[in-house]
Amino acid sequence: MGSTTGSPIDDIAYLARSEHRAPTLVALTVRPRSRSELWEMTGVSSSTIRRTLSEFEERNWIRRNEYQYETTPLGAFIASAVAELIERVEIERTLRNVWQWLPDEESGFTIEMCSDAVVTVAEADNPYGPVHRFLALIRETDQFRFVGSDLALLEPCRDEFCRRVIDGMQTEIIDPPSVAKYIRSTYPELSAETLASGNLTIRLHDDLPPYGIGIFDHRIAICGHDPDSVTVRVLIDTDSQEAREWAESEYSFYRRQTPMVPLETVID
(Lines give C-alpha, C1' and ligand atoms only; values in the text may rest on other atoms or scores of the structure.)
Protein backbone atom coordinates (compact mmCIF):
# COMPACT_ATOMS: atom_id res chain seq x y z
CA MET A 1 0.00 0.00 0.00
CA GLY A 2 1.43 3.37 -0.99
CA SER A 3 2.14 5.86 1.73
CA THR A 4 0.21 9.15 1.80
CA THR A 5 2.29 10.71 4.55
CA GLY A 6 4.05 13.97 3.82
CA SER A 7 2.83 16.50 1.26
CA PRO A 8 2.34 16.46 -2.52
CA ILE A 9 5.55 18.47 -2.75
CA ASP A 10 7.39 15.48 -1.27
CA ASP A 11 6.35 13.27 -4.19
CA ILE A 12 7.21 16.02 -6.68
CA ALA A 13 10.61 16.41 -5.02
CA TYR A 14 11.09 12.64 -5.12
CA LEU A 15 10.57 12.58 -8.89
CA ALA A 16 12.78 15.62 -9.44
CA ARG A 17 15.72 14.57 -7.25
CA SER A 18 17.03 12.04 -9.78
CA GLU A 19 16.87 12.73 -13.52
CA HIS A 20 15.93 9.15 -14.39
CA ARG A 21 12.76 8.88 -12.31
CA ALA A 22 10.33 11.03 -14.30
CA PRO A 23 11.48 9.64 -17.69
CA THR A 24 11.12 6.12 -16.34
CA LEU A 25 7.55 6.71 -15.22
CA VAL A 26 6.67 8.42 -18.49
CA ALA A 27 8.24 5.59 -20.50
CA LEU A 28 6.06 3.06 -18.71
CA THR A 29 2.93 4.90 -19.84
CA VAL A 30 3.91 4.29 -23.47
CA ARG A 31 4.12 0.50 -23.11
CA PRO A 32 5.17 -2.16 -20.61
CA ARG A 33 8.93 -2.53 -20.26
CA SER A 34 11.29 -4.91 -18.53
CA ARG A 35 13.71 -3.86 -15.82
CA SER A 36 16.68 -4.49 -18.10
CA GLU A 37 15.15 -2.31 -20.81
CA LEU A 38 14.62 0.52 -18.34
CA TRP A 39 18.16 0.08 -17.07
CA GLU A 40 19.57 0.43 -20.59
CA MET A 41 17.25 3.35 -21.39
CA THR A 42 18.09 5.42 -18.31
CA GLY A 43 21.79 4.64 -18.04
CA VAL A 44 21.63 4.19 -14.26
CA SER A 45 22.85 1.12 -12.42
CA SER A 46 20.71 -2.02 -12.21
CA SER A 47 20.42 -1.60 -8.44
CA THR A 48 19.19 1.99 -8.88
CA ILE A 49 16.49 1.05 -11.37
CA ARG A 50 15.45 -1.86 -9.16
CA ARG A 51 15.08 0.52 -6.21
CA THR A 52 13.17 3.05 -8.31
CA LEU A 53 10.69 0.46 -9.52
CA SER A 54 10.19 -0.73 -5.96
CA GLU A 55 9.49 2.85 -4.84
CA PHE A 56 7.04 3.31 -7.71
CA GLU A 57 5.25 0.10 -6.67
CA GLU A 58 5.04 1.35 -3.08
CA ARG A 59 3.24 4.43 -4.38
CA ASN A 60 0.91 2.30 -6.55
CA TRP A 61 2.19 4.10 -9.66
CA ILE A 62 3.18 0.89 -11.43
CA ARG A 63 2.43 -2.82 -11.33
CA ARG A 64 4.43 -5.84 -12.37
CA ASN A 65 3.10 -8.20 -15.03
CA GLU A 66 5.44 -11.19 -15.18
CA TYR A 67 8.82 -9.72 -16.15
CA GLN A 68 7.51 -6.33 -17.30
CA TYR A 69 6.25 -3.22 -15.55
CA GLU A 70 3.40 -0.92 -16.56
CA THR A 71 1.74 2.12 -15.05
CA THR A 72 -1.45 1.99 -13.08
CA PRO A 73 -4.10 4.66 -13.77
CA LEU A 74 -2.61 6.54 -10.81
CA GLY A 75 0.88 6.38 -12.28
CA ALA A 76 -0.34 7.40 -15.73
CA PHE A 77 -2.13 10.36 -14.16
CA ILE A 78 1.09 11.53 -12.49
CA ALA A 79 3.24 10.80 -15.56
CA SER A 80 1.00 12.91 -17.80
CA ALA A 81 1.31 15.90 -15.49
CA VAL A 82 5.06 15.42 -15.11
CA ALA A 83 5.56 15.20 -18.89
CA GLU A 84 3.56 18.39 -19.38
CA LEU A 85 5.55 20.16 -16.66
CA ILE A 86 8.85 19.10 -18.22
CA GLU A 87 7.67 20.35 -21.62
CA ARG A 88 6.58 23.67 -20.12
CA VAL A 89 9.91 24.14 -18.35
CA GLU A 90 11.78 23.31 -21.55
CA ILE A 91 9.81 25.99 -23.41
CA GLU A 92 10.30 28.50 -20.62
CA ARG A 93 14.05 27.83 -20.49
CA THR A 94 14.30 28.42 -24.22
CA LEU A 95 12.40 31.71 -23.99
CA ARG A 96 13.72 32.93 -20.64
CA ASN A 97 16.44 35.21 -22.00
CA VAL A 98 14.54 36.46 -25.05
CA TRP A 99 11.04 36.96 -23.65
CA GLN A 100 11.63 40.71 -23.39
CA TRP A 101 11.85 40.92 -27.19
CA LEU A 102 8.49 39.22 -27.79
CA PRO A 103 4.91 40.56 -27.73
CA ASP A 104 3.49 41.30 -24.29
CA GLU A 105 0.27 39.94 -22.86
CA GLU A 106 -1.62 43.15 -23.72
CA SER A 107 -1.27 42.24 -27.39
CA GLY A 108 -3.05 38.94 -26.75
CA PHE A 109 0.07 36.85 -27.25
CA THR A 110 0.52 34.00 -24.77
CA ILE A 111 3.33 31.58 -23.99
CA GLU A 112 0.93 28.72 -24.75
CA MET A 113 1.19 29.72 -28.41
CA CYS A 114 4.81 28.59 -28.24
CA SER A 115 3.99 25.05 -27.08
CA ASP A 116 4.57 23.38 -30.46
CA ALA A 117 6.64 26.16 -32.00
CA VAL A 118 10.12 26.07 -33.45
CA VAL A 119 12.12 28.52 -31.33
CA THR A 120 15.35 29.72 -32.92
CA VAL A 121 17.52 31.85 -30.65
CA ALA A 122 20.60 33.78 -31.77
CA GLU A 123 23.48 32.10 -29.96
CA ALA A 124 27.11 33.18 -29.74
CA ASP A 125 28.14 30.33 -32.02
CA ASN A 126 25.21 30.84 -34.41
CA PRO A 127 24.17 34.53 -34.36
CA TYR A 128 22.27 34.26 -37.65
CA GLY A 129 20.23 31.21 -36.66
CA PRO A 130 16.91 33.14 -36.66
CA VAL A 131 17.69 34.67 -40.06
CA HIS A 132 18.52 31.25 -41.54
CA ARG A 133 15.27 29.84 -40.14
CA PHE A 134 13.37 32.78 -41.67
CA LEU A 135 14.94 32.06 -45.06
CA ALA A 136 13.89 28.42 -44.81
CA LEU A 137 10.28 29.54 -44.25
CA ILE A 138 10.46 32.03 -47.13
CA ARG A 139 11.61 29.30 -49.52
CA GLU A 140 8.50 27.24 -48.70
CA THR A 141 5.79 29.87 -49.15
CA ASP A 142 4.05 31.46 -52.12
CA GLN A 143 2.57 34.35 -50.12
CA PHE A 144 4.14 36.42 -47.39
CA ARG A 145 2.96 39.27 -45.20
CA PHE A 146 4.91 41.11 -42.55
CA VAL A 147 4.18 43.88 -40.07
CA GLY A 148 6.72 45.50 -37.79
CA SER A 149 10.22 46.84 -37.99
CA ASP A 150 11.76 44.28 -40.34
CA LEU A 151 15.19 45.78 -40.99
CA ALA A 152 17.09 43.45 -38.62
CA LEU A 153 15.41 40.40 -40.19
CA LEU A 154 15.25 41.26 -43.88
CA GLU A 155 18.49 43.12 -44.50
CA PRO A 156 20.81 40.15 -43.81
CA CYS A 157 18.90 38.13 -46.43
CA ARG A 158 17.77 40.94 -48.73
CA ASP A 159 19.16 39.43 -51.97
CA GLU A 160 17.42 36.07 -51.59
CA PHE A 161 14.25 37.66 -50.22
CA CYS A 162 14.02 40.08 -53.15
CA ARG A 163 14.71 37.26 -55.60
CA ARG A 164 11.78 35.30 -54.17
CA VAL A 165 9.55 38.35 -54.65
CA ILE A 166 10.78 38.90 -58.19
CA ASP A 167 10.20 35.22 -58.94
CA GLY A 168 6.56 35.46 -57.89
CA MET A 169 6.15 35.40 -54.09
CA GLN A 170 3.19 37.69 -53.42
CA THR A 171 4.36 39.97 -50.62
CA GLU A 172 2.85 42.74 -48.54
CA ILE A 173 4.87 44.54 -45.89
CA ILE A 174 3.77 47.16 -43.39
CA ASP A 175 6.89 49.17 -42.60
CA PRO A 176 7.85 52.28 -40.67
CA PRO A 177 8.60 55.09 -43.16
CA SER A 178 12.17 55.33 -41.86
CA VAL A 179 12.88 51.67 -42.71
CA ALA A 180 11.30 51.94 -46.15
CA LYS A 181 13.34 55.06 -46.84
CA TYR A 182 16.56 53.37 -45.72
CA ILE A 183 16.02 50.31 -47.93
CA ARG A 184 15.00 52.44 -50.92
CA SER A 185 17.99 54.78 -50.65
CA THR A 186 20.60 52.14 -49.72
CA TYR A 187 19.65 49.55 -52.34
CA PRO A 188 18.01 51.59 -55.13
CA GLU A 189 18.59 49.12 -57.97
CA LEU A 190 17.45 46.08 -56.02
CA SER A 191 14.44 47.98 -54.68
CA ALA A 192 13.47 49.17 -58.15
CA GLU A 193 13.68 45.67 -59.64
CA THR A 194 11.68 44.20 -56.77
CA LEU A 195 8.95 46.84 -57.07
CA ALA A 196 8.85 46.45 -60.85
CA SER A 197 7.90 42.80 -60.42
CA GLY A 198 4.45 43.87 -59.24
CA ASN A 199 4.59 41.28 -56.48
CA LEU A 200 5.44 43.63 -53.60
CA THR A 201 3.11 46.01 -51.81
CA ILE A 202 4.49 48.38 -49.20
CA ARG A 203 2.26 50.04 -46.63
CA LEU A 204 3.64 52.67 -44.29
CA HIS A 205 2.80 53.08 -40.62
CA ASP A 206 4.81 55.13 -38.13
CA ASP A 207 3.59 53.44 -34.93
CA LEU A 208 4.33 49.74 -35.31
CA PRO A 209 5.11 47.19 -32.58
CA PRO A 210 8.77 46.68 -31.60
CA TYR A 211 8.56 43.06 -32.79
CA GLY A 212 7.72 41.61 -36.19
CA ILE A 213 4.95 39.27 -37.34
CA GLY A 214 5.39 37.24 -40.51
CA ILE A 215 2.52 35.29 -42.06
CA PHE A 216 3.40 32.44 -44.45
CA ASP A 217 1.22 29.94 -46.30
CA HIS A 218 1.18 27.41 -43.48
CA ARG A 219 3.02 29.00 -40.54
CA ILE A 220 3.36 32.30 -38.75
CA ALA A 221 6.54 33.69 -37.24
CA ILE A 222 7.28 36.22 -34.53
CA CYS A 223 10.57 38.05 -34.73
CA GLY A 224 12.10 39.62 -31.63
CA HIS A 225 15.02 41.94 -32.19
CA ASP A 226 17.29 44.17 -30.15
CA PRO A 227 16.78 47.75 -31.36
CA ASP A 228 20.09 48.87 -29.90
CA SER A 229 22.23 46.41 -31.83
CA VAL A 230 19.70 45.96 -34.68
CA THR A 231 20.03 42.19 -34.45
CA VAL A 232 17.42 39.46 -34.42
CA ARG A 233 17.46 37.73 -31.04
CA VAL A 234 14.74 35.14 -31.59
CA LEU A 235 12.38 33.80 -34.25
CA ILE A 236 9.40 31.71 -33.20
CA ASP A 237 7.41 29.94 -35.89
CA THR A 238 4.38 27.71 -35.51
CA ASP A 239 1.41 26.25 -37.37
CA SER A 240 -0.81 26.68 -34.29
CA GLN A 241 -4.30 27.85 -35.25
CA GLU A 242 -4.50 30.00 -32.13
CA ALA A 243 -1.21 31.73 -33.00
CA ARG A 244 -2.30 32.23 -36.61
CA GLU A 245 -5.57 33.85 -35.55
CA TRP A 246 -3.61 36.20 -33.28
CA ALA A 247 -1.16 37.06 -36.06
CA GLU A 248 -3.93 37.66 -38.60
CA SER A 249 -5.76 39.91 -36.13
CA GLU A 250 -2.63 41.95 -35.41
CA TYR A 251 -1.84 42.29 -39.09
CA SER A 252 -5.38 43.36 -39.96
CA PHE A 253 -5.35 45.95 -37.16
CA TYR A 254 -2.34 47.74 -38.62
CA ARG A 255 -3.35 47.21 -42.24
CA ARG A 256 -6.68 48.96 -41.72
CA GLN A 257 -4.77 52.06 -40.65
CA THR A 258 -2.25 52.08 -43.49
CA PRO A 259 -3.10 53.17 -47.01
CA MET A 260 -0.83 51.82 -49.71
CA VAL A 261 1.84 54.40 -50.44
CA PRO A 262 4.13 54.34 -53.49
CA LEU A 263 7.54 53.63 -52.07
CA GLU A 264 9.11 56.34 -54.20
CA THR A 265 7.32 58.96 -52.13
CA VAL A 266 9.25 58.13 -48.95
CA ILE A 267 12.47 59.60 -50.32
CA ASP A 268 10.95 62.77 -51.81
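For the reader, a short list of remarks on this structure follows.
- Under Karplus coefficients 6.51, -1.76 and 1.60, residue-wise ³J(HN,Hα) of the range 111-117 in Hz, glycine/proline x: 5, 4, 5, 8, 4, 10, 7
- Convex hull projection area averaged over all views, the range 31-141, Cα basis, nm²: 11.4 nm²
- Cα centroid of the range 228-261 to Cα centroid of the range 109-183, whole Å: 10 Å
- Cα centre as origin, Lys/Arg/Asp/Glu Cβ charges: the range 83-131 dipole, Debye: 160 debye
- The magnitude of the dipole of the chain, with charges of +1 and -1 set on the Cβ of Lys/Arg and Asp/Glu and taken from the Cα centre, is near 880 debye.
- Between V147, V121, V230, the Gaussian network model of the chain with springs among Cα atoms under 10 angstrom shows the greatest mean-square fluctuation at V230.
- Based on Cα contacts under 8 Å between residues 6+ apart, the range 49-172 shows a relative contact order of 13 percent.
- In this view, the solvent-accessible surface of S185, computed with a 1.4 Å probe and all protein chains in place, comes to about 70 Å².
- Residue-wise HN-Hα couplings along the range 32-41, as the Karplus relation 6.51 cos²θ - 1.76 cosθ + 1.60 with θ = phi - 60° gives them from phi, are x, 9, 7, 5, 5, 5, 5, 4, 5, 5 Hz; Gly and Pro carry x.
- Electrostatic bookkeeping for R31 treats Lys and Arg as +1 and Asp and Glu as -1; over the other residues with beta carbon under 12 Å from its beta carbon, the sum is -1.
- Cβ-based charge dipole, the chain, positive-most Cα from L153, Q241, A76: A76
- Split the accessible area of the range 1-54 by element, probe 1.4 Å, and carbon with sulfur accounts for 55%.
- The chain: most fluctuating residue of D237, D125, D167 per GNM, C-alpha cutoff 10 Å: D125
- Estimated vicinal HN-Hα couplings, Hz - the range 20-26 in sequence order (Karplus 6.51, -1.76, 1.60; Gly, Pro = x): 7, 5, 4, x, 5, 5, 5
- Amide proton proximity set for R203, modelled H, under 5 Å, gap of 5+: I173, I174, D175
- DSSP-defined beta bridges in the chain - what % are antiparallel, rounded to 5: 75 percent
- Farthest toward the positive end of the dipole of the range 42-184, out of I183, S45, G129, is the Cα of S45, where the dipole comes from beta carbon charges about the Cα centre.
- Rounded accessible area of S229 (nearest 10 Å², 1.4 Å probe): 60 Å²
- Taking Cα centre as origin and charging only the Cβ of basic (Lys, Arg, +1) and acidic (Asp, Glu, -1) residues, the dipole magnitude of the range 98-182 rounds to 380 debye.
- Considering only R158, R96, R59, the mean-square fluctuation computed in a Gaussian network model of the chain, springs between alpha carbons under 10 angstrom, is largest for R59.
- Accessible area expressed per residue, the range 1-72, with surrounding protein chains retained (probe 1.4 Å, Å²): 62 Å²
- Given a 1.4 Å probe and the protein chains as shown, M113 ends up with an accessible area of around 10 Å².
- Carbon-plus-sulfur accessible fraction, the range 130-236 (probe radius 1.4 Å, protein heavy atoms only): 47%.
- Charge context of Y128, other residues only, Cβ under 12 angstrom, K/R +1, D/E -1: -1
The values are calculated or read from the model by the stated rules, or taken from the named source; none is laboratory data. Fair warning: this is a prediction, and the values are worked out from it, not measured in the lab. So basically every Cβ, Gly included, is an ideal-geometry build from the backbone, and we count neighbours across all protein chains shown. Ligands, DNA and RNA are stripped out before the accessible areas are found, and what is left, the full protein with its side chains, is counted by its heavy atoms. Shrake-Rupley method; radii C 1.70, N 1.55, O 1.52, S 1.80 Å.
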